1. For region 40-84, which residues satisfy the criterion of being small (Gly, Ala, Ser), within 15 Å of the ligand (Cβ to nearest atom) and either in contact with a Cys (Cβ under 8 Å, 6 or more places away or on another chain) or within 12 Å of Ile24 (Cβ to Cβ) (or both)?
2. Determine if region 23-37 includes at least one residue that is within 19 Å of Tyr134 (Cα to Cα) and without any contact (Cβ under 8 Å) to a residue 60 or more places away in the chain.
3. Considering only residues that are over 13 Å from the mean Cα position of the chain (by Cα) and free of Cβ contacts under 8 Å to residues at least 24 places away in the same chain, which ones fall in region 45-97?
4. Taking region 103-140 only, how many residues are within 15 Å of the ligand (Cβ to nearest atom), in a helix (DSSP H, G or I) and not β-branched (Val, Ile, Thr)?
Amino acid sequence: MPIRCEIVSQDRMVWEGDADIVVIPGTAGEMGILPNHAPLLSTLKFGILKVRQKGEEEVFTVAGGVVEVQPDLITVLADSAENVVEIDVARAEAARKRAEDLLKEGIPADTDSFLKLEAALRRSNLRLEAVRRYRSGKRSQMPSMRDTDTE
Ligand code: ATP
């Protein structure tokens, strides 16, 4: 009996379906969630989330958020998330360059602007690293399910 998994970001439903195991980048460490897992609530770090069912694997980037686990349902509420196959590389490169250029101009005077720029840089780096590691023919020889930490 699989576990239902729903991945929602601030602006859309990213993915929903059944899973045999979901590997989640929790802030306290990576969690492999199987069906009938005990209920839990955790915050998410920037990292890779993997859904595996019947030998197939979907890989997602997740840039923070929370996850709620119930025995039959995993609900991921991500600040931002996308399937690795849908990442637009040119867009991520442009976002990285924009953030790098602004940071090079000097540290913004207010902390809020600095943190926003730093987060934008981390999101774009995460997306580009995920594409490098998990796209283009690598799906048949995926790294281990544990090899998911991009920080
Ligand atoms: P950008 O500056 O390019 O908008 P961002 O990091 O500010 O990047 P977010 O606010 O995290 O973007 O995301 C807004 C929406 O765009 C989300 O739905 C996210 O999944 C999507 N998104 C962001 N960057 C990419 C990308 N490179 N490829 C595909 N979808 C993306």
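1. Within region 40-84, Gly47, Gly65, Ala78, Ala81 meet the criteria.
2. Looking for residues that are within 19 Å of Tyr134 (Cα to Cα) and without any contact (Cβ under 8 Å) to a residue 60 or more places away in the chain, one finds at least one in region 23-37, hence yes.
3. Gly55, Glu56, Asp88, Ala90, Arg91, Ala94, Lys97
4. Number satisfying all stated conditions: 20.
Readers should treat all values here as calculations from the given coordinates under stated rules, not as data from a laboratory. Just so it is clear, the structure is predicted and the values come from calculations on it, not from any experiment. Heads up, the Cβs are rebuilt from the backbone with ideal geometry, glycines too, and the neighbour counts pull from every protein chain shown.
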